[in-house]
Structures are given as C-alpha cells and as structure tokens.
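Remarks on the structure that follows.
The values are calculated or read from the model by the stated rules, or taken from the named source; none is laboratory data. Predicted model, so just to flag it, every value in this text is computed and none were measured. In this analysis, Cβ positions are derived from the backbone assuming ideal geometry, glycine residues included, and neighbour counts consider all displayed protein chains. SASA here: full protein model, heavy atoms, side chains in, ligands and nucleic acids out. Shrake-Rupley method; radii C 1.70, N 1.55, O 1.52, S 1.80 Å.
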Amino acid sequence: MECGNTGARQGVSWMFIALLLCTAAAPAQTVRSAVGVQPRKHIRPPRQPHNSMARDTTPFNCEQYRGHPPPGMAGYCQGIENITLRNEARRQGRPAPSDSIIHLPPLGSDHAKTLGYACVGGQAFKRLKNGWEQVSAAEGGWQRCQGG
C-alpha cells in the first residue's frame, strides 16, 4: 500500500511545483507589460579626431614670416609646423605629410593639364589615364603643395 500512496504524493508534489512556476512567472510578465516598450539607447559614433590639415596643408601659414625682421623666423615656423603635423598623423594612424612644400598649378587649369600634376587642397596629384593619383614625397609621406 505504501507504493501506491507514494505515487499519489509524488503526483501532488509535481503539480504543486508546476503551479508555483506558473504563478511565479505571471507577476514578472505583468510588471514588464506595465512598463511598456523600453526605448533603445542611442549610441553615438566616436568623434573624429582633430585634423589640422582639414582645410589647408599649411595651417601655420609660415609664408607670412618671410619678411619678418629675424631672418630665421620662417624656417623656425616651418620646422614647428612639420613636427606638429607629423606627430598628429602618427597619433591618429594616418600617413605623415612631407616636410617639403612644392608649388603646383591648381586642378583644372591649362598649366596643370599640360604638366600632368596639380595641387588639390594642398596635396600633390599626378594625372593618370583614368584619374588622379596622390604623389609621394622623396623623403617619405605624401607630398604637400601650394597653388591649388
């Protein structure tokens, strides 16, 4: 008789556990539905690092010191500008600009078409059959220019 009685008790205990599970889940669902749909958090993209050469490849404008009374002022300014631009490019993982600045005609001019080189936004470009290619400087980095 005890075997039959144990089976009945096990059936009641399983039903009791199932009832507890069903009633335990119901309040959580009610609370969640009362809150409503959670708004998604807007994840902002990371800010782009500052680029000193965004508008001009000669941001210090060292040409203004050519007529300055101390004769080495333009060269000193150029040296500081080169170090600053090289360090900024290294920190941001970009190719460094050249230390030298060459004079080239602007893109679209007749002289640029015959020469095959042009200055676009302070960067030297070479004419190809199907477009333009950025010029590398002999000492390394991409060639900076004036005139475009």
Of these, PRO70, PRO95, which one is exposed (fewer than 14 other Cβ atoms within 10 Å of the Cβ), outside any helix (DSSP H, G or I) and without any contact (Cβ under 8 Å) to a residue 40 or more places away in the chain?
PRO70
Some residue of segment 127-145 being small (Gly, Ala, Ser) and open to solvent by less than 30 Å² (accessible area, probe 1.4 Å):
yes
Of all residues in segment 108-131 being touching a residue at least 24 places away in the same chain (Cβ under 8 Å) and assigned to a strand (DSSP E or B), which is farthest from GLU88 (Cα to Cα)?
ALA118
Determine whether segment 41-49 contains at least one residue that is among the polar types (S, T, N, Q), open to solvent by 100 Å² or more (accessible area, probe 1.4 Å), modelled with pLDDT of 80 or more and not in a helix (DSSP H, G or I).
yes
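Report yes if ALA89 is touching a helix residue (DSSP H, G or I) at 6+ places or on another chain (Cβ under 6 Å), open to solvent by less than 50 Å² (accessible area, probe 1.4 Å) and small (Gly, Ala, Ser), otherwise no.
When the stated conditions are applied, ALA89 does not pass them.
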Residue list for segment 98-126, restricted to those being open to solvent by 70 Å² or more (accessible area, probe 1.4 Å) and either over 20 Å from CYS62 (Cβ atoms) or aromatic (Phe, Trp, Tyr) (or both)
LEU107, ASP110, HIS111, LYS113, THR114, LEU115, TYR117, LYS126
For segment 18-36, check the following and say yes or no: at least one residue is modelled with pLDDT of 65 or more and in a loop (DSSP other than H, G, I, E, B).
yes
